[in-house]
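These notes are about the structure you will find just below.
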Amino acid sequence: MNHVVNAGAWLAQLVAVTTAIAAAPLLMGWVNQCRAWLQNRSGAGLLQPYRMLRKLLYKDAAIASAASPLFRVTPYILFGAMVCAAAVIPSLGTTLPFTAAADTIALVGLFALARVFIALAAMDIGTAFGSLGARREMLVGFLAEPALLMVFFTVSLIAHSTALPTMAQALAHRGAAIYPSLAFAAVAFLMVLLAENARIPIDNPATHLELTMIHEAMVLEYSARHLALIEWSAALKLFNYCCIGLALFLPWGLGAGDWRSLVPALGFLTAKLAVAGAALALIETFSAKMRIFRAPEFLATAFLLAVLGLLVHLLLGS
Amino acid sequence: MANLPLSSQIINLCAAVLLLVSFAMLSQRRVLSLVQLFALQGAVLCLSTITVAWTAGRSELYVSAAVTLALKVLLLPYILHRLIRALNARWETELLLNVPATMLVGLLLVIFSFGLAQPISQLAATVTRSTLGIAIAVVMLSFLMMITRRKAVTQVIGFLAMENGLFFAATSATYGMPMVVELGVALDVLVAMLILGVFFFQIREQFDSLDLRNLEALKEE
């Protein structure tokens, strides 16, 4: 019996990871579509990211002659790290076997691993754009990471745990109390999400070859299947961040992770992600891109909000 | 963790919002937005005072909430708006410290005042004692704002925000000061505002700017 349960749980885990991998480009397409609608354009359609991935996977890869093995390996490491993160985050259920494998601090480490590798690969070729992008990415990263950790610490003080499933469960079952600290943490998390996923106030995901770009500057040298993996893991990263935010700040409807709760959980996740994607598009439409030297100010504000949440929780106990 | 009653939750929320508004004022460069933030601070203060009055059954606190609303949400922002338009002083161009550094100093001040308030709030017996730390932090942050700004108008807004913090400290530690003191302070602030308004014009006439560095020279050359 135990074996059967175990097999069922692992199968549920497999469904969760597959959903994340398959749905990540869809989320990206949905955000882009919403942005297009808000800007009075007709947009490229929900499935455009898939079409692009297919096109890139068909092409032959061109690799610079100066590239080291690191350059070739990085897309796979990036994709692997993001799939790992997707398995750790309780997107569909809180008792899935893999979600206990790592807590939030390890999750931040996983994101840091991906960031270090993409920055190294960007500098590997030695083009000006690549190292420029890498330096900017590290500038944003080293400011965003402490803010993200502080958000997690604030929430874990409320939930008395640093494990994501426990946090999500504790927050889902609390009473209807007002938590100012949680609100601060949520806003800080949103700002980190925008910065980390190269969204508009920090970076513009829609343009190539602009002097202010960050993410696109790093991946300029990649082509074909490597580029496809990188784009896919960028989409997965956005998906993961959204799922973390939903698990922490809107944990309702999250199932336990057995077969019966999987289907409603999937429905809830789809609905919440649709709303989150539309909200993201709205934020991006309303805000203008900042100068790169304003980015520290933006992220310092995120850090400040997270620390204020922590302090307010310690003082007020709420 | 015991669930707090709703009124305490609202007061805690108000306290948190006050702290947030103080930080927003600290980082705001535009003077007109600063005035709006000041009005918002007054509104939150008014709400929390009403909640305290309702919880503790102190009817005189309703009066001070009404005074807060009339003075700090409506009258003073209106006067400040008029002054800023008349003086054409909409931008604070230079801060003494850049914004992230100011924020970090502000965070340290918040930690300091929370530590300071801990022993005091254990002595108090009010429902709102845990917010005393935030009240002290608001006072400190307004101080910091006055220190880091150079223009006379923003320094005055910092002064007014400091008075807000003191008022909040009074309500959270002892359910407000005696009515006479409170009315006196309110009147003081109003008169100070009017006199400072005249001062602004004098300063500008003398030096062609509102930068207070000009006042540091002792002799006329």
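The values are calculated or read from the model by the stated rules, or taken from the named source; none is laboratory data. What you see is a predicted model; the values in this text were computed from it and never measured. When we count neighbours, we look across all protein chains shown, and the Cβ atoms used for this are built from the backbone with ideal geometry, even at glycine. Surface areas here come from the heavy atoms of the whole protein model, side chains and all, with no ligands, DNA or RNA. Shrake-Rupley method; radii C 1.70, N 1.55, O 1.52, S 1.80 Å.
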Query raised in the report: For segment B:23-124, which GluC sites (Glu not before Pro) are both in a DSSP coil and crowded by at most 15 other Cβ atoms within 10 Å?
Result: B:Glu94
Report summary line: Excluding ligands, DNA and RNA, the carbon-plus-sulfur percentage of the accessible area of segment A:2-316 with a 1.4 Å probe reads 69
Report task. Please name whichever of A:Gly267, B:Ala161, A:Ala185 sits farthest to the positive end of the charge dipole of the protein assembly as shown, dipole taken about the Cα centre and charges placed at Cβ: Lys and Arg +1, Asp and Glu -1. Result -> A:Gly267
Query raised in the report: Pairs A:Lys55/A:Lys237; A:Lys237/A:Lys289; A:Lys59/A:Lys272; A:Lys237/A:Lys272; A:Lys59/A:Lys237: which are spaced more than 27 Å apart, C-alpha to C-alpha?
Result: A:Lys59/A:Lys272
Query raised in the report: Roughly how many Å is it from the Cα centre of segment A:170-241 to that of segment A:38-96, as a whole number?
Result: 14
Report summary line: Projecting the Cα atoms of A:Ala122, A:Thr19, A:Gly29 onto the charge dipole of segment A:2-316, where Lys and Arg contribute +1 and Asp and Glu -1 at Cβ, the residue farthest towards the positive end is A:Gly29
Report task. May I ask you to list the chymotrypsin sites (Phe, Trp or Tyr not before Pro) in segment A:31-96 that are in a DSSP loop and have at most 10 other Cβ atoms within 10 Å of their Cβ? Result -> none
Query raised in the report: Taking the alpha-carbon set of chain A, what are its Rg and Dmax in Å?
Result: 19.4, 60
**Report entry** Percentage relative contact order, chain A, counting C-alpha pairs under 8 Å, at least six apart
**Finding:** 31
Query raised in the report: To one decimal place, what Kirkwood hydrodynamic radius in Å is obtained for segment A:52-207 from all pairs of distinct Cα atoms?
Result: 17.7
Query - Ellipsoid equivalent to chain B - semi-axes via the Cα gyration tensor, in Å - result: 32, 20, 14
Query raised in the report: Ranked by accessible surface with a 1.4 Å probe, highest first, in what order do A:Thr301, B:Thr174, B:Thr148 come?
Result: B:Thr174, A:Thr301, B:Thr148
Report task. Grab the other residues whose beta carbon is less than 13 angstrom from that of A:Tyr58, score K and R as +1, D and E as -1, and report the net. Result -> +4
**Report entry** Relative contact order (%) - criterion: Cα under 8 Å, at least six apart; region: chain B
**Finding:** 22
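Can you give the mean number of other chain Cβ atoms that lie within 10 Å of the Cβ atoms in peptide A:295-303?
Values: counts 0, 3, 5, 1, 1, 9, 6, 0, 4.
For this peptide, the per-residue mean of nearby foreign Cβ atoms is 3.
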Requested in this report: Quick one: which residues, 5+ away or cross-chain, put their amide H under 5 Å from the amide H of A:Ala61? H built at 1.01 Å from N.
Outcome: A:Arg225
Query raised in the report: Which whole number gives the average count of other chain Cβ atoms within 10 Å of the Cβ atoms across peptide B:15-21?
Result: 5
Query raised in the report: Under the definition of Cα pairs under 8 Å and six or more residues apart, what whole-number percent is the relative contact order of segment A:116-196?
Result: 30
Query raised in the report: How far, in degrees from 0 to 90, does helix A:180-196 lean away from the longest principal axis of the Cα atoms of chain A, to the nearest 10?
Result: 20
Report task. Could you order A:Ile230, A:Ile292 so the one with the most accessible surface comes first? Probe is 1.4 Å. Result -> A:Ile292, A:Ile230
Report task. Can you send over the solvent-accessible area of A:Tyr222, 1.4 Å probe, protein chains only, in Å² to the nearest 10? Result -> 10
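Seen from all sides and averaged, what is the projected area of the convex hull of the Cα atoms in the protein assembly as shown, in nm²?
30.9
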Report task. Calculate for chain A the 222 nm mean residue ellipticity that helices alone would give, adding -39,500 (n - 2.57) per DSSP H run of length 4 or more and normalising by residue count, nearest 500 deg cm²/dmol. Result -> -24500 deg cm²/dmol
Query raised in the report: To the nearest 10 degrees, how steep is helix B:132-148 against the longest Cα principal axis of chain B, on a 0 to 90 scale?
Result: 10
Requested in this report: Would you mind checking the tilt of helix A:259-286 against the longest principal axis of the Cα atoms of chain A, expressed as 0 to 90 degrees and rounded to 10?
Outcome: 50
